[in-house]
Amino acid sequence: MPEDARTHIDDLASFVEASPSSYHAADESRRRLEQAGFAPLAEGDAWDLAPGGRYVVVREGSVIAFALPASVSATTPFQIVGAHTDSPSFKLKPKPTRTGAGGWWQLGWEIYGGPLVNSWLDRELCLAGRVVTISGDEHLVRTGPIARIPQLAIHLDRQVGDGLKLDKQTHTTPVWGLGEAESADIVGRLADLAGVPSHDIAGIDIVAADTQPPRSFGADDALFASGRLDNLLSTHAGLTAIADAAPTEAIAMFAAFDHEEVGSASRSGAAGPFHEDVLTRILAAFGGGADERARSFAHSLHVSSDVGHAVHPNYSERHDPENRPVAGGGPILKINANQRYATDAHGAAAWNAACRRAGVPAQEFVSNNAMPCGSTIGPISATRLGIRTVDVGVPILSMHSARELTAVVDPWYLTRAMSALLER
């Protein structure tokens, strides 16, 4: 295995550990990009963009970075790699603290997205996200291991061998302590982490994350297990590619959005205005209006990257008989006749050309006709912007589990292909 692939996977592990929530992922992306020489932009300020400049802007849990060629104009096209920063999880409800039977302290939370709920049982979980004070100040916080969803012992559930059945309200409630009910104040603990009085906390966006570190394992350490591979794997790939991008003909862009797992319909999601706002402001900085924007978009390309399904050795019949992505076989091109993925023939050709330039193996994913596939930010962005879009990703196992699995080499392959695409 190439040493570069191992270096890349170690950096992915560091990125995942720094990013237990979408807000942390956006902030860590911004930090890394600023370290690489990208200048931070604020949406509320005027933007003074210079040819050859590199910039990054954050909106809540989403981040967009771009590198301008020296020859940038009002009609320069974009080469975009897109991903998302959120993952299926659990999100704290208002008034989250409760005392359960037996004196257990428990937390009330909602299910965020579509997690494999059983995979979250009996794991030490942290809480992470943002708290906002009454004055509007935002603080990112994360606890150590603090909560666990305990599974019922087999002696009290003799039918569990016939299939685990979980009530999403009562059976997913975690424990996080014991003692007097008056002391069970999770918001107070989050306030302590933020360094503010508890009574100043006026809003919270807090999710759960697994605390087991990412790691390589298996024969020759060729496999990699981690939480939040969906979709920090793609976010990290795009972040790494844009950091080194030196485009000559197109504007290179990396965009990672929040709320993909719940439909993307938010001010910071791919269905919201953030992406379009940034694209429009870039072109406007060089004199572009509606006509120039249409001309730019007509020659632009957006690669939407999200993890996909590797052939599962225990359930191989669930996959298409001919199109069977394998772990270690390189990034996958996602195709769906019903537009669940945005790939068309021209987009496929552009992606395959990038893989060829990068010397990266490529494969295709098409779902089994009896099993409709999920979707991505690809069709959403294509519909909103009208930019040709292609859906790609890395094959993994255990998608939406608290801990997912991929081949060590595939994230590196994806990053190399993205880099080739952004070098236009």
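May I ask you to list the chymotrypsin sites (Phe, Trp or Tyr not before Pro) in region 244-336 that are in a DSSP loop and have at most 14 other Cβ atoms within 10 Å of their Cβ? Before the final figure, lay out the partial values.
Details: sites: PHE254, PHE257, PHE274, PHE286, PHE297, TYR315; in loops: PHE286, TYR315.
In loop regions of region 244-336 (DSSP not H, G, I, E or B), the sparsely surrounded chymotrypsin sites (Phe, Trp or Tyr not before Pro) are TYR315.
Any idea what angle helix 274-284 forms with the longest principal axis of the chain, computed on alpha-carbon atoms, 0 to 90 degrees, nearest 10?
30 degrees
Pick from ASP244, ASP277, ASP410: which is most flexible by mean-square fluctuation in a GNM of the chain where alpha carbon atoms under 10 Å apart are linked?
ASP277
Output ³J(HN,Hα) for region 160-176: one whole-Hz value per residue in order, computed from phi by the Karplus curve 6.51 cos²θ - 1.76 cosθ + 1.60 with θ = phi - 60°, and x for Gly and Pro.
With the stated coefficients, region 160-176 comes to 4, x, 8, x, 6, 10, 10, 7, 5, 8, 8, 8, 9, 7, x, 9, 8 Hz.
Have a look at the DSSP beta bridges in region 313-424 and tell me what percent are antiparallel, nearest 5.
Counting DSSP beta bridges with both partners in region 313-424, the antiparallel share is about 65 percent.
On C-alpha positions alone, give me the angle between the axis of helix 345-358 and the longest principal axis of the chain, in degrees, nearest 10.
Approximately 90 degrees, to the nearest ten.
Taking the chain as a Gaussian network, where each spring joins two C-alpha atoms under 10 Å apart, which residue of THR170, THR76, THR211 fluctuates the most?
The residue that fluctuates most here is THR170.
Could you tell me the relative contact order of region 223-376? Use alpha-carbon pairs under 8 Å, at least six residues apart, and round to a whole percent. Working shown, then result.
Working: 128 pairs, mean separation 28.0, N = 154.
Once normalised by length, the contact order is 18 percent.
Could you grab the relative contact order for the chain? Cα pairs under 8 Å, six or more apart, rounded to a whole percent.
Relative contact order comes out at 23 percent.
With a 10 Å cut-off between alpha carbons and a GNM built on the chain, which of SER71, SER398, SER296 moves the most?
For the chain, modelled as a Gaussian network with Cα springs under 10 Å, the answer is SER71.
Express as a percent, rounded to the nearest 5, the fraction of DSSP beta bridges in the chain (both residues included) that run antiparallel. Working shown, then result.
On the way: 51 of 76 bridges.
In the chain, DSSP labels about 65 percent of beta bridges as antiparallel.
Pairs of alpha-carbon atoms within less than 8 angstrom and 6+ residues apart define the contacts here; what relative contact order does region 79-190 have, in percent?
It rounds to 30 percent for region 79-190.
Which angle between 0 and 90 degrees, to the nearest 10, do you get for helix 229-243 versus the longest principal axis of the chain when only C-alpha atoms count?
So the inclination is approximately 40 degrees.
Using just the alpha carbons, could you tell me how many Å³ per residue the convex hull of region 89-210 encloses?
Looking at region 89-210, the number lands at 103 Å³ per residue.
Taken together, the values in this text are just the output of simple stated rules run on the coordinates, not laboratory data. This is a predicted model, so every value here is computed, not measured. Every residue, glycine among them, receives a Cβ derived from its backbone with ideal geometry; neighbour counts consider all protein chains shown.
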